[in-house]
Number of protein chains: 2
Amino acid sequence: MAVYTDVSDEELESFIASYDIGALTSFKGIAEGVENSNYLVHTGSGRYILTLYEKRVRPDDLPYFLALMEHLAARGLSCPLPVHDREGRTLRELAGRPAALISFLEGLSLRRPGIEHCAGLGQVLAQFHIAGADFPMARGNDLSLPGWQALYDDVKENADTVIPGLKDEIARELAHLETHWATGLPVGVIHADLFPDNVFFLDDKVSGLIDFYFACNDMLAYDVAVCLNAWCFEPDASFNVTKRRAMLQAYELERPLTEAELAALPLLARGAALRFLLTRTYDWLNTDANALVKTKDPAEYLRKLRFHQRVTSYRDYGLGEH
Amino acid sequence: MAVYTDVSDEELESFIASYDIGALTSFKGIAEGVENSNYLVHTGSGRYILTLYEKRVRPDDLPYFLALMEHLAARGLSCPLPVHDREGRTLRELAGRPAALISFLEGLSLRRPGIEHCAGLGQVLAQFHIAGADFPMARGNDLSLPGWQALYDDVKENADTVIPGLKDEIARELAHLETHWATGLPVGVIHADLFPDNVFFLDDKVSGLIDFYFACNDMLAYDVAVCLNAWCFEPDASFNVTKRRAMLQAYELERPLTEAELAALPLLARGAALRFLLTRTYDWLNTDANALVKTKDPAEYLRKLRFHQRVTSYRDYGLGEH
């Protein structure tokens, strides 16, 4: 949770007045996301989320993220929609930060998604990949192999203070992935961070996706691998094959995976596990004790990485019956 | 700001289902108040605030606070209204904490209230005092003289680490107040914490009061003194006589102050300044660096205390033309 940047009444009122959305009636800092400052804004015309982008988001990337949300919404995917001000702009500045006002999305994120929710996630992930296919902008994935190497360089000196032996374990995994990383798979726009807190549900049906601030162009199956890690492991680190099956079957009803994508899944899942192991280790080492952020446990992703290291074929995920 | 207690989806859904307010459609932790955990809840029937009471609130006091809100609302004062569950209860338990669901109040709190807002505050404060006159329950003021002495005993050892000389300065003030504290003034239900963040405005008119968790039975003029301190000083510590006049004139249109109350105001304002100096000093010394709370500056209230110490008559507040 996070509310970092404080906005004064005067700044806020003049900001809201520059949109055609009625007068401000309520304004509350909310605990949503850990990267940016978010406020829930009520006006005469409804509910909105005001996001102030903090340092982790590069201002140059914001036009990509905002245009992507508009593109996806225009293709029927339920996601927050940036609101245009009276001059037609979606990207603005407030309290010295880049800022955007976006529509409010109803729904609740689930802490413990069940099998039906994994199916819902699989379906919407494929719909997202299809809806993004004709998005005209491109953004590289900062958090793929070269980014992992850079993160490793940042954390290696103190990694063993987080988990003993972590430095060497990451180095070995990085070396393996650098030699074997997948190429030639279908690419497109991926969400790259589709954890349960970024998927809203109403009555056990997906009501929408949020938080597109890691979206980029990369292998679509890598996005599937991120979701396998985030949705199909139980709290005790066991891999739930039933959830995996529900997710992939629903995905494939919309967009069948190629044989090459299926074959690459174990490797992509290792990479996806390493990516979150690295960023969590980095955050663990670099989070100010006063920051209003819950630091997530790196060990969870080390366990997931080790699980995938023992997998030799996608059939080991229970994909044999595929 | 604060969200302390984490509520699981399952707990929340069954909690909300025990009220006749429709199905849950959204749930967000909000940054409101510093004492309790607050969530903004949307259901099929509207918006609500869910409050989980944290350790600073005594569970035994909660029936007083909740009944007071119902009493005030029934007399036309705009404030959050506790919602009754299907069994008629307003005080519940959730995630191991006492909890209540209350109605959502529209409006914005002002960081820099102007003269007209001080007038609005004066009027609603008097209306609050009048509406509370026939409230049948009673609760002593924990944070009056005996409470200040207890707080002083807790902080005196380290007070000088907060502000050099603070220990002796508080001791002298306490001795003065113990000798001279007011008696015999009109008493009733007071809010006792009516700072700008607890008063909502819409279109520069008061839309309601919130946060009744320091309310108690004490001298009504003490509540006025708390507001003089909280609303009539400028950020540079100067006392704004125009704001004072706007506040008191509006108050007196609803409820004229007695001569004895006016004469006691300088002393009550010293006590009110000491009360917040003590609690802020206590919080400064006792706040865990990881707590999601902004610690408020004790020095602000030391400056206010010193201002009132130099006042010899209420006429020094510009009340001569009263």
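The values are calculated or read from the model by the stated rules, or taken from the named source; none is laboratory data. Owing to the predicted nature of the structure, the values given are computational and were not obtained by experimental measurement. Every residue, glycine among them, receives a Cβ derived from its backbone with ideal geometry; neighbour counts consider all protein chains shown.
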Scanning the stretch A:214-241 residue by residue, those of a type in the set (Ser, Thr, Tyr) and either surrounded by 20 or more Cβ atoms within 10 Å (Cβ to Cβ) or modelled with pLDDT of 95 or more (or both) turn out to be A:Tyr222
Requiring at least 3 residues that are buried (at least 19 other Cβ atoms within 10 Å of the Cβ), the strands (runs of 3 or more DSSP E) wholly within the stretch B:16-104 are B:24-30, B:37-43, B:46-52, B:97-103
Checked pairs for the stretch A:125-148, first assigned by TED's automatic domain parsing to the domain that holds A:Thr279, second in a loop (DSSP other than H, G, I, E, B) and polar (S, T, N, Q), C-beta under 9 Å and 6 or more apart or across chains, list as A:Gly147/A:Asn141
Among strands (runs of 3 or more DSSP E) entirely inside the stretch A:198-299, those with 1 or more residues being farther than 19 Å from A:Trp148 by Cβ and among the polar types (S, T, N, Q) are A:205-209
When (1) crowded, with 18+ Cβ neighbours inside 10 Å; (2) within 23 Å of A:His117 (Cα to Cα); (3) in contact (Cβ under 8 Å) with a residue 40 or more places away in the chain are applied to A:Glu254, the one that fails is (1)
Screening B:Ile115, B:Ile49, B:Ile102 for residues that are modelled with pLDDT of 95 or more and touching a helix residue (DSSP H, G or I) at 6+ places or on another chain (Cβ under 6 Å) leaves only B:Ile115
Checked against (1) assigned by TED's automatic domain parsing to the domain that holds A:Ser14; (2) under 16 Å from the mean Cα position of the chain (by Cα), A:Leu81 satisfies every condition except (2)
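Listed here are the residues, each with its yes/no results for (1) within 22 Å of B:Ser26 (Cβ to Cβ); (2) within 14 Å of chain B (Cβ to nearest Cβ); (3) touching a strand residue (DSSP E or B) at 6+ places or on another chain (Cβ under 6 Å).
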residue	(1), (2), (3)
A:Glu106	yes, yes, yes
A:Ile115	no, no, no
A:Phe128	yes, no, no
A:Ala131	no, no, no
A:Asp134	no, no, no
A:Arg139	no, no, yes
A:Trp148	no, no, no
A:Asp154	no, no, no
Over the stretch A:27-80, the set of residues within 14 Å of chain B (Cβ to nearest Cβ) and under 20 Å from A:Gln127 (Cβ atoms) is A:Ser78, A:Pro80
Expected single match for within 16 Å of the chain's Cα centre (by Cα) and surrounded by 19 or more Cβ atoms within 10 Å (Cβ to Cβ) among B:Gly122, B:Gly140, B:Gly107 is B:Gly122
Scanning the stretch A:198-221 for residues that are under 12 Å from the mean Cα position of the chain (by Cα) and under 23 Å from A:Arg270 (Cβ atoms), the one nearest to the other protein chains (Cβ to nearest Cβ) turns out to be A:Asn198
Checklist entry - Does B:Leu62 meet the test of being closer than 20 Å to B:Cys216 by Cβ and in contact with a helix residue (DSSP H, G or I) (Cβ under 8 Å, 6 or more places away or on another chain)? => result no
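With respect to B:Glu54, is the statement that it is modelled with pLDDT of 95 or more and more than 14 Å from B:Ile16 (Cβ to Cβ) true?
Numbers: modelled with pLDDT of 95 or more: no; more than 14 Å from B:Ile16 (Cβ to Cβ): yes.
For B:Glu54, the condition - modelled with pLDDT of 95 or more and more than 14 Å from B:Ile16 (Cβ to Cβ) - is not met.
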Practice problem: Please indicate, with yes or no, whether at least one residue in the stretch B:245-253 is at pLDDT below 95, closer than 30 Å to B:Gly107 by Cα and acidic (Asp, Glu). | Solution: no
Scan the stretch A:88-97 and tell me whether some residue there is polar (S, T, N, Q), under 18 Å from the mean Cα position of the chain (by Cα) and more than 13 Å from chain B (Cβ to nearest Cβ).
no
Determine if the stretch A:180-197 includes at least one residue that is within 20 Å of the chain's Cα centre (by Cα), farther than 28 Å from A:Glu259 by Cα and either outside any loop (DSSP other than H, G, I, E, B) or among the β-branched types (Val, Ile, Thr) (or both).
yes
